[in-house]
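Report on one structure; see the data block that follows.
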């Protein structure tokens, strides 16, 4: 095998030997820099392509620094009527609870109205009791009177019928038997008297026995006369005047029944009095409720748990109706009001998680709760329409709302403070 010939290096021209050597090195250096630039340009183009691909197709976050902490601001003001401020019980920055008194107004007149209304309620209740007692008494009197009147009517009608119809056959037979018995007794008494008188003429009996016989004979005659009169009355019937008296008794009994029936009207009248008393009591209680509401409104209370951010009154000031006295911020229901560019709004969906960085310090988490279907410029006081035709396109901002997740640090929030939001969209 033949050995390879050693490579012969090309002689590099020396600057001293050949003045064109510097030109050669310069050309080689320019050539190398040109290749490096092409490589760097290719890398930059590839990186830009990847960045564009990531931005338009794989970007995981949408962020904005145009965001603020928003929370309900409740302005506490008098309702219905104003008044002079008696006490201010809170200061700015103080934490308050729902129902806590913030400002007390002068309520002397309102307390007097409440006392008056309570007295009228007590009087109305007493009138109800009195009317109900009278109703019960009237009902009992009416019931008793009606029963008595009906009984009298039945008795009078029975007496009239008996008087008009006359005596029954059994009564007449009994009267005849009584008259016959009385006549027998009278005859026997006359015989006893005759015998006693005969013995007395002969002085055979005492004078007292004669008197006894005379008395017995007189009594027998009287009894006979009475029984005979009764028999005659029964046989001849009642007299017209007796029948008229019986009829008058029936009419009087019926008149008493009509008067008893009028008791139902008196009961109804008493019942209406009870209803009227109850209506007056209801009205009195309504007046009391109104007076208590007016008194309650003289103390301005917080409607939410929150923090006092503004106090605009001092003791002695006069508050007009609906004039704000204290402003309370409800940070427990705070949210993030953010504006995102319209080019990124299409990536947003309800429920997407968000990271919130507070400029003051600290971080919170949340989720997309509302995506407004209009740009923020739609709510501007001055419309963006340009009738002159000098149009410059500006990227619009879409308002969104981010609900804050519960956090022990939520009390550090301040309404209106700036935050940065980053929303995960993929």
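Tabulated values for the structure
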read-out: Conditions (1) touching a helix residue (DSSP H, G or I) at 6+ places or on another chain (Cβ under 7 Å); (2) closer than 30 Å to residue 61 by Cα; number of the one not met by residue 341; value: (1)
read-out: Matching entry among 221, 214 (being at pLDDT 75 or above and closer than 24 Å to residue 177 by Cβ); value: 221
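The values are calculated or read from the model by the stated rules, or taken from the named source; none is laboratory data. Quick caveat: nothing in here was measured; it's all calculated off a predicted structure. Positions of Cβ are generated from backbone atoms using ideal geometry, with glycine treated the same way; all protein chains shown enter the neighbour counts.
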